[in-house]
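Notes follow the structure.
The values are calculated or read from the model by the stated rules, or taken from the named source; none is laboratory data. Keep in mind the model is a prediction, meaning the values are calculated, not measured. Neighbour counts are summed over all protein chains in view; Cβ atoms, including those assigned to glycine, are modelled from backbone coordinates with ideal geometry.
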Amino acid sequence: MISMALYKREMKGSIKLLVIFGAVITMYVAIIISLYDPEVMKTLDSFAKMMPELMAAVGMKTNTANLLGFMTSYLYGFILLIFPMVFSILRGNALIAKYVDKGSMVSLVAAPVKRHTIALTQMTALISGILLLVFYSTIVELICAESGFPGELDATELVMLNGGLLCLHLFIGGICFLSSCLFSDTKYSVAFGAGIPAFMYVLQMLANVGGNAENAKYFTFFTLFDLDNIIVGKSSAIAAVLVLFAGAVVLYILGIVLFERKDLHI
Amino acid sequence: MSAISIENLVRDYGNGKGVFDISFHVNQGEAFGFLGPNGAGKTTTIRHLMGFLKPRSGKCTIDGLDCWSGRDKVQARLGYIPGEISFFDDMSGTEFLKFIAEYRKLGTQNRKEELLERFELDPKSKIKKMSKGMKQKIGIVAAFMHDPDILILDEPTSGLDPLMQNRFIDLVAEEKEHGKTILMSSHMFEEVERTCDRIGIIRNGRMVAVDYAKALRERHTRSYTVTLESEAAAEAFAADFNGIRNESQVTVTTKQSLEEIFMNYYGGDKHDQHGAV
C-alpha cells in the first residue's frame, strides 16, 4: 500500500519537470519526424559518411530504411534517452535522499506510516513520472507520424520499441532510487544516481563509435536496449529488455529494504 | 506501568560521542525532564525512542512495543517535536499542516485551530520564509494536533519568546493533567523543573542522575536569611530579591544553574564538550 497524501504531494512536485520535458520531447519529435524525407536523409547520410564517429556517437547511423528506422537513429540515441534519464536523476534524489539530508524526513517517519510504505510511495511517484514521459512520447510520435506520413509507421513496432525504452528507463530510475535510499547525503546520492547512468551513457557513445572502442558495449547496460533487433522482434533483444526489467525490480526492492533498515540521523 | 522505557541503550559514535548504557523509564501519566548540555546525547536517545535509529545494544520500548520493530504502531499514539525543525520548505504552513493531517489520516476533527489560536500563529506564509519561532510553533501544532497520549519533545521551547514559552509550559501542564505521558528534553533546569515530576540528567552520553524534580530542586537550592536594619528596608529587599520577609528578616533562595549542578555531582570539568548531537 502507498500513502495517497504523500503520492499527491510528490506528483505535484514532478509536474513542473514533466511539463518541461514533455514540451521538449514534443518539439524534438515533431521536428525530427517532419525532417523525414528521402532527400534530406541522403544529406544526413552524407554527413554520417563524412564524420561517422561523431554521428555514431549520438546514435545516428546511415541507411535508415523507413520512418521507424529513421526515428531510432535520430530520437532514440539522445533525446528519448537523456530527458527521462534526467527526470529520474532529479526526482530520484529528491524523493528520499533530499528529505533525509535536509531532515524533513522527520515529518514522514514520525507518523504511523511504515517505512516501506513511504519508500513504496516514493517509488510509485518516480515510476509514474517515467511512465507518463514514455507514454506521452509514444502518443506524440504516433500523432506526428500519422499526420505527416500516414501509414508509414507500424504502430506495433513502435509500441514494442517503447516498451523496451520503458524498461531501460525503469532500470535507470531503479539506480537513482536505490542510490537515494542508500545515501543519507544528497552529495553521494547524486554522485551515484547521476554518475552511474551518465558514465554508462558515455560508454555507450564510445561503443557506437566502433573500432576498438566497441568493446565498451560490454560494460554498459544501454547495450541491453538493442533498438534494431527489438523492432524485428528478435528473441535475444526481447530477453535483454526483460533483463533490464528484472534488474529494475531488484533495484527497487533493494532500495525499499535498505530504507526500511536504515538508521536515520534526523 | 512505565510508558517509556530504555534499558542499557548503547550507541557509540567514537571520540566519546554517543550514548553509553543508558537506562531510565517514564511512568504512565508522568512528565519526565531529560536534561543535559549540548552534545550530551539527548537527541540520540530520543532518535532511538522514535524508531529512527536501531539500538546497537539495549532496548527501547513504548507501551511495551519495541521502538524499532513496532515503530509505526508506536507512532500512532506519539506526538514529537524534533530538536531541529525542518519541514517542507516548498509548502506554506497551512499546506504543511493540511498535509500532515491527511498523511496521518486525521479527520477534520483535530486540535489544529485551537492550537493555532493558542500560539497566535498565522500559518499562511511559506515555511521557507518563517522565523525560527514560527517554525517552532508549526512544529508544536503538528505534534499536538492529533491529541497523542505520549509526547516526546526535544528542546521544544527553543526559538520561542518568553511569553510563548510560558504558553507552551501551560499546554504541557494541561496535557499532563489529562494523563498524558511526557518526555521533554532541555538544557535549561528552570524549564524542566517547572513542568516535570522527575528529571534525568545526561552528560557525555551517560545518565548521571535520575530523581524527583522536588528532590533535585531542594538539593540544589541554597537559602540565606539576612537581617536588615528596619522592616521597611526588609520589605524593599524582599521585593527586589524575591525573598520571604519575616519582620526584619528576609529569606532568599538561589537556584544553581545546570552547569553548577553538574559541578556538584562531579566536580571539575566545568565546560562540557560541545559538539554535534
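For segment A:1-18, a residue qualifies if it is part of a helix (DSSP H, G or I) and either within 11 Å of chain B (Cβ to nearest Cβ) or more than 16 Å from the chain's Cα centre (by Cα) (or both), and the qualifying residues are A:M4, A:A5, A:L6, A:Y7, A:K8, A:R9, A:E10, A:M11, A:K12, A:G13, A:I15, A:K16.
For the subset of segment B:73-82 comprising residues that are facing chain A (nearest Cβ under 8 Å) and either within 30 Å of B:D122 (Cα to Cα) or among the hydroxyl-bearing types (S, T, Y) (or both), which member is farthest from the chain's Cα centre (by Cα)?
Only one residue tops the list, namely B:A76.
Flag: A:F70 does not match the condition of being part of a helix (DSSP H, G or I), more than 14 Å from chain B (Cβ to nearest Cβ) and under 16 Å from the mean Cα position of the chain (by Cα). Determine if segment B:182-198 includes at least one residue that is basic (K, R), assigned to a helix (DSSP H, G or I) and without any contact (Cβ under 8 Å) to a residue 24 or more places away in the chain. Among the residues of segment B:182-198, not one is basic (K, R), assigned to a helix (DSSP H, G or I) and without any contact (Cβ under 8 Å) to a residue 24 or more places away in the chain, which makes the answer no. Based on what the data block shows, is A:V113 crowded, with 20+ Cβ neighbours inside 10 Å and in contact (Cβ under 8 Å) with a residue 24 or more places away in the chain? When the stated conditions are applied, A:V113 passes them. Residues in segment B:100-129 that are within 14 Å of chain A (Cβ to nearest Cβ) and within 26 Å of the chain's Cα centre (by Cα): B:I100, B:A101, B:Y103, B:R104, B:L106, B:N110, B:I127, B:K128. Take the conditions (1) touching a strand residue (DSSP E or B) at 6+ places or on another chain (Cβ under 7 Å); (2) of a type in the set (K, R); (3) crowded, with 22+ Cβ neighbours inside 10 Å; B:R47 misses just one of them, which is (1).
The set of residues in segment B:50-78 being crowded, with 16+ Cβ neighbours inside 10 Å, closer than 13 Å to B:I4 by Cβ and small (G, A, S) consists of B:G51 alone.
Residues of segment B:186-237 that are buried (at least 19 other Cβ atoms within 10 Å of the Cβ) and more than 26 Å from B:A31 (Cβ to Cβ): B:A234 alone.
Of the listed requirements (1) within 14 Å of chain B (Cβ to nearest Cβ); (2) crowded, with 16+ Cβ neighbours inside 10 Å; (3) modelled with pLDDT of 95 or more, A:I25 misses just one: (1). For segment B:83-99, the criterion of being more than 14 Å from chain A (Cβ to nearest Cβ) and either within 19 Å of A:R115 (Cα to Cα) or surrounded by 18 or more Cβ atoms within 10 Å (Cβ to Cβ) (or both) is met by none of the residues.
Those helices (runs of 4 or more DSSP H) of segment A:184-261 in which at least 1 residues are surrounded by 14 or more Cβ atoms within 10 Å (Cβ to Cβ) and of a type in the set (F, W, Y), considering only elements entirely within it, cover A:186-209, A:235-261. For segment B:73-94, a residue qualifies if it is free of Cβ contacts under 8 Å to residues at least 12 places away in the same chain and under 23 Å from B:G29 (Cα atoms), and the qualifying residues are B:K73, B:A76. Restricted to helices (runs of 4 or more DSSP H) entirely inside segment A:77-148, those with at least 3 residues that are under 24 Å from A:F245 (Cα atoms) are A:79-95, A:115-148.
Annotation: of all residues in segment B:38-72 being without any contact (Cβ under 8 Å) to a residue 24 or more places away in the chain and within 30 Å of B:K129 (Cα to Cα), the one that is nearest to the other protein chains (Cβ to nearest Cβ) is B:F52.
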